[in-house]
Amino acid sequence: MTTETIHPVRGPLEGSVRLPGDKSISHRYGMLAAIAEGTSVIRNYSSGADCHSTLGCLRSLGVEITEDGRDVTVHGRGLRGLSECSGQLDAGNSGSTIRMLSGILAGHPFTTRIGGDDSLSKRPMQRIMGPLAQMGATLSAHDGKFPPLEIRGGSLRPLDYDMPMASAQVKSCVLLAGLYADGATTVHEPAKTRDHTEVALREFGVEIETGRGWARVNGPAKLEARNLSVPGDLSSAAFFLVAAALVPGSNVILQGVGLNPTRATLIDFLVSMGVQIKILDMGMNNGEPVGDLLVRGSTLKGGVIEKQTAAALIDEIPVLAILGVLSEDGLTVRDAAELRIKETDRIETMASNLRRMGIEIETRPDGFVLPGKQVFRAATLDSYGDHRIAMAFAVAALRANGPCTIENAGAASVSFPEFWQTLRGLAD
Ligand code: S3P
């Protein structure tokens with residue numbers, strides 16, 4: 001178990017940060033490159049353990065992959081070119097790996113077992129098992145719903161799917177399975193979720209139609225290898241956007257961050273809370289908008305996260321809660337029951353750490369109410385093995401009234417192995 005001690009900041013945060021490659025985009029590029037024809041080079045692939053779980057699974061399915069620092073070369077096997085694996089695939093802590101890869105495995109005529117760590121083994125899989133079974137794959141799971149999953153793939157039927165929850169992983173799983181079906185597979189979503197799969201498929205040469213709340217692929221598809229570059233991860237940037245905002249006088253630049261509109265709700269929300277952010281430079285990388293962000297120490301208002309915004313900010317809510325504590329009017333979150341089925345039950349793991357720091361919070365089944373103008377007391381905190389909880393509370397600790405220790409701090413490496421070093425670099 002790794003423990004980190006974070007001291008309260010003595011002065012403003014200053015400096016320039018380059019973030020690891022976006023986790024969501026890295027997973028997708030890795031998987032699509034594996035089923036493309038030819039060799040793809042992916043630059044700035046995420047250094048996080050989750051995206052390496054994806055590469056590990058792909059290697060076990062016969063894909064040759066080499067790594068040179070952050071550059072990953074994937075020798076594509078073609079749409080139906082994965083080979084049967086005799087053992088169980090290990091998705092580690094990664095919901096994206098197990099849920100999205102299952103869509104691809106459903107199109108292969110063999111049986112695969114895929115599981116992961118204790119946290120992943122408690123996460124619901126019916127959300128992908130239902131649509132994949134409707135398409136013709138045979139799936140079973142522990143207790144009918146938890147990993148490990150056993151997937152027997154084969155020839156798939158196209159599907160018109162009304163997704164009951166707002167989940168980009170489920171949408172992606174069905175669209176990826178749709179690449180193997182004979183005809184058009186459409187997914188309708190109840191709230192807009194990140195569209196990296198749609199953007200990446202287009203980049204790999206697949207025809208994909210999209211409209212308000214739906215996306216459609218035509219199978220069987222053919223993917224062409226590409227050279228790609230992954231933008232910096234906005235969800236990792238969020239920790240520094242918040243850290244700089246809540247330390248007076250700070251001035252931090254985040255370079256080359258992915259600003260896809262389906263993710264950039266974060267910027268709008270932070271601005272609505274009073275955070276001073278400037279987008280300095282905008283460009284396009286393989287269909288994904290990228291820019292540099294400048295953030296300054298700010299006077300913070302309160303905010304409410306609900307409805308469509310809850311889906312768009314789901315990964316950033318833990319660190320936004322830290323901002324809420326120090327804001328004028330606090331933070332209220334509704335319509336975010338999905339928080340309870342992430343790497344941990346994030347409503348409970350956040351509340352437990354906040355209470356250790358003397359913070360008042362009222363939890364609800366789908367969110368919480370956090371009054372503003374509170375003071376963080378020094379405490380011993382726990383990541384509970386959840387990367388985003390580890391990093392959110394490191395940010396809180398910067399403004400505590402004494403040093404805080406964070407147990408299980410190594411969890412951060414699931415998405416951001418360089419986090420602790422980067423944070424210290426800005427604070428020292
Ligand atoms: C992700 C989608 C979201 C998000 C996760 C990554 C993706 O999960 O929380 O961190 O890459 O598609 P859900 O699809 O479960 O909402």
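Quote the Stokes-Einstein diffusion coefficient, in whole µm² s⁻¹, for segment 138-272, based on the Kirkwood radius over alpha carbon pairs, a temperature of 10 °C and a viscosity of 1.306 mPa s. The partial results should precede the final answer.
On the way: Rh = 17.4 Å.
My calculation gives 91 µm²/s for D.
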Reference-scaled alpha-carbon Rg (2.2 N^0.38 Å with N residues) for the chain: 0.95
With label points set 7 Å from each Cα along the Cα-to-Cβ direction at E348 and R202, the distance between them in nm comes to 4.1 nm
Could you work out how far the C-alpha centroid of segment 153-191 sits from that of segment 295-361, in angstrom? 31 Å
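At 1.4 Å probe size, with every protein chain present, just tell me what the per residue accessible area of the chain comes to in Å². Walk me through the intermediate numbers first.
Numbers: 15180 Å² over 428 residues.
Per-residue accessible area for the chain comes out at 35 Å².
Give the relative contact order (percent, whole number) for the chain; include only Cα pairs under 8 Å separated by 6+ residues.
Working: 1084 pairs, mean separation 78.3, N = 428.
That works out to 18 percent.
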For Q255, the net charge from surrounding residues (Cβ-Cβ under 10 Å; K, R +1; D, E -1) works out to -1
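What is the packing order of peptides 131-142, 382-393, 164-175, 255-266, taking the mean over residues of other C-beta atoms within 10 Å and listing the highest first?
382-393, 164-175, 255-266, 131-142
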Given the rule -39500 (n - 2.57) for each run of at least 4 DSSP H residues, summed and divided by the residues of the chain, what is its mean residue ellipticity at 222 nm, to the nearest 500 deg cm²/dmol? -9000 deg cm²/dmol
Inter-label distance for T66 and N227, nm, one decimal - labels placed 7 Å from Cα along Cα-to-Cβ: 1.5 nm
Starting at 0 and stepping by 10 Å, how many percent of the alpha carbon pairs of segment 302-353 end up in each bin? 26, 59, 15, 0
Carbon plus sulfur fraction of accessible area for the chain, probe 1.4 Å, in percent: 46 percent
Step through the table entries K23/K278; K222/K342; K192/K222; K222/K278; K171/K301, compare each Cα-Cα distance with 31 Å, and write down the pairs that go over it. K222/K342; K222/K278; K171/K301
Length gained, D143-K192, 0.36 nm per residue minus C-alpha separation, equals 14.6 nm
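The values are calculated or read from the model by the stated rules, or taken from the named source; none is laboratory data. Source: prediction; values computed, not measured. Glycine gets a Cβ as well: all are built from the backbone with ideal geometry, and neighbour counts include every protein chain shown. Calculation scope for accessible area: heavy atoms of the full protein, side chains included, ligands and nucleic acids excluded. Shrake-Rupley method; radii C 1.70, N 1.55, O 1.52, S 1.80 Å.
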